[in-house]
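I have placed the structure first, in the form of structure tokens, so that the comments after it can refer back to it.
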Amino acid sequence: MECIHEILNEILSPYENDVLATIIHVEGSAYRKEGTSMLFKGNGKCIGLLSAGCLETDLSYRIQETRIKKIPQTVIYDMSSEDDLSWGNGAGCNGIVTLLLEPVDVSMFNLLTRLKSFLLKGNQVTMMKILSNDHEEVETMFMVDDKTYFGNCNERKLEQVKRVLNDLHISNMKSGLRTIEQVGTQIYLHSFNPKPRLIVFGAGKDAIPLVKLASLAGFFVTVTDWREEFCSKEYFPSTDEILVGFPSEIIPNLQLSNSDSVIVITHQFQKDKEILNLISNVNLNYLGVLGGELRLQRLLGGNTTNSEISSPAGLPIGAEGPEEIAISIVAELIQKQRLKRKTKDG
């Protein structure tokens, strides 16, 4: 999934010589698509990945140029060549990738800080970057679902830009470069989504690798259990949220929606049954339950839910043991997210 959440957590100050690199256009095939970003920290640390190592070495020199000049620049990499006569290593990926490099100055730092706050609140945010002809000047505007706008766009064209951004936000256009007649120049468009939420009911030992892998895959993971001795950061250091309490106490406050995923893994039949009953009227993005079809039928007792249930949870890869089962479940979660995005993109 997108690395933007990890990137935003690493941007701590506008005075650290950080540079944000973003893929804004792809022709042909490439390792990553439009909207992928990578942060090059002033201390040498890098967050995210733009390729399988094909262009990062050369890019590090371009990043240094951006730091020195303190202005944005675009870089185009032709990765279609299969020989070593071009800039690259004969990757032969059949793609041409355009990157936008931007120094994280005070203005950008403030914008990214606001973006982070809205994403943490669960908002989708659409961004439009207005590029000058030489791409050395970039104006940025953001629009949140509730029609909150923020950015550093020139006041003279602010209202027009807002109208265009609103239309683009509603139409859910694909990320990338395009020319908008009303703006009069090339723009880059991208929508940022909050981390998809995964709620894991049950804090047993087999939940530990599941939570770890789901966190690495980009999910906002909540672990909940009524047993305080199991449900703790000691056992789940990578989780985003720990909720100790019985299902009847926790579920009403979760505000579950069709963008959420749920895994029921308490290993206690009555607790699993209670959880399924309490969430039966919610249409979830994904609902997984450990155990086979016969156990699920007993759990439901003839009742139905608004969500299709994956039982046993996970893709059928013949998984055995906690780690393999965790891999199969996270793979299925990713598959559901991709299908959802594909449906949304039309």
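The values are calculated or read from the model by the stated rules, or taken from the named source; none is laboratory data. Please read these numbers as outputs of a predicted model, since none were measured by experiment. As a convention, Cβ positions derive from the backbone with ideal geometry for all residues, glycine included, and neighbour counts pool all protein chains shown.
Could you give me the residue pairs with C-beta distances under 6 Å whose first residue belongs to region 136-160 and is within 18 Å of SER175 (Cα to Cα) and touching a residue at least 12 places away in the same chain (Cβ under 8 Å), whose second residue is among the hydrophobic types (A, V, I, L, M, F, W, C) and part of a loop (DSSP other than H, G, I, E, B) wherever it lies, and which are 6+ apart or on separate chains? Between residues of region 136-160 that are within 18 Å of SER175 (Cα to Cα) and touching a residue at least 12 places away in the same chain (Cβ under 8 Å) and residues that are among the hydrophobic types (A, V, I, L, M, F, W, C) and part of a loop (DSSP other than H, G, I, E, B), the close pairs are GLU139/CYS153; MET141/CYS153. In region 120-142, is there at least one residue being within 20 Å of MET38 (Cβ to Cβ), assigned by TED's automatic domain parsing to the domain that holds LEU168 and out of contact with any Ser or Thr (no Cβ under 9 Å at 6 or more places or on another chain)? Checking region 120-142: not a single residue is within 20 Å of MET38 (Cβ to Cβ), assigned by TED's automatic domain parsing to the domain that holds LEU168 and out of contact with any Ser or Thr (no Cβ under 9 Å at 6 or more places or on another chain).
Taking the criterion of being on the phi > 0 side of the Ramachandran plot and of a type in the set (Gly, Ala, Ser), the residues of region 13-46 that qualify are GLY28, GLY35, GLY44.
TYR149 meets the conditions (1) surrounded by 18 or more Cβ atoms within 10 Å (Cβ to Cβ); (2) in contact with a helix residue (DSSP H, G or I) (Cβ under 6 Å, 6 or more places away or on another chain); (3) farther than 25 Å from LYS70 by Cα in every case but one. The failed one is (1). If you go through region 290-312 and keep only what is crowded, with 17+ Cβ neighbours inside 10 Å and at positive phi, you end up with just GLY291.
Taken over region 36-52, the criterion of being farther than 14 Å from GLU102 by Cβ, within 15 Å of the chain's Cα centre (by Cα) and at pLDDT 90 or above is satisfied by THR36, ILE47. Among the candidates SER310, SER280, the residue that is assigned by TED's automatic domain parsing to the domain that holds GLY202, farther than 24 Å from GLY245 by Cβ and among the polar types (S, T, N, Q) is uniquely SER310. Close Cβ contacts (under 7 Å, 6 or more residues apart or on different chains) running from residues in region 212-230 that are free of Cβ contacts under 8 Å to residues at least 40 places away in the same chain to residues that are among the charged types (D, E, K, R) comprise PHE220/LYS195; PHE220/ARG197; PHE220/ASP240; VAL221/ASP240; THR222/ARG197; THR222/ASP240; THR222/GLU241. Residue-level check: of (1) more than 16 Å from LYS205 (Cβ to Cβ); (2) modelled with pLDDT under 95, HIS267 misses just (1).
The set of residues from region 11-68 being surrounded by fewer than 18 Cβ atoms within 10 Å (Cβ to Cβ) and small (Gly, Ala, Ser) comprises SER13, GLY28, SER29, GLY42, GLY44, ALA52, GLY53, SER60. Across region 216-226, the qualifying residues are those that are surrounded by fewer than 22 Cβ atoms within 10 Å (Cβ to Cβ) and either of a type in the set (A, V, I, L, M, F, W, C) or at pLDDT 95 or above (or both), and the one among them that is nearest to ILE334 (Cα to Cα) is ALA217.
For beta carbons closer than 6 Å, sequence separation of 6+ or different chains, a first residue in region 245-258 that is touching a residue at least 24 places away in the same chain (Cβ under 8 Å) and closer than 15 Å to SER280 by Cβ and a second that is outside any helix (DSSP H, G or I) and among the hydrophobic types (A, V, I, L, M, F, W, C), the qualifying pairs are LEU256/VAL282. Please go through region 47-65 and give me each residue that is touching a Phe, Trp or Tyr at 6+ places or on another chain (Cβ under 9 Å) and either assigned to a strand (DSSP E or B) or closer than 22 Å to LYS129 by Cα (or both), ordered by number. Hits for region 47-65 are ILE47, LEU49, LEU50, LEU59, ILE63.
Residue-level check: of (1) closer than 20 Å to ILE275 by Cα; (2) out of contact with any His (no Cβ under 9 Å at 6 or more places or on another chain), GLY318 misses just (1). Residue-level analysis places SER261 outside the set of residues that are over 21 Å from ILE325 (Cα atoms) and among the small types (Gly, Ala, Ser). Suppose we filter region 233-244 for residues that are more than 11 Å from ILE208 (Cβ to Cβ) and in contact (Cβ under 8 Å) with a residue 24 or more places away in the chain; how many remain? So the count comes out to 1. Residues in region 1-20 that are touching a residue at least 12 places away in the same chain (Cβ under 8 Å) and hydrophobic (A, V, I, L, M, F, W, C): MET1, CYS3, ILE4, ILE7, LEU8, ILE11, VAL19, LEU20.
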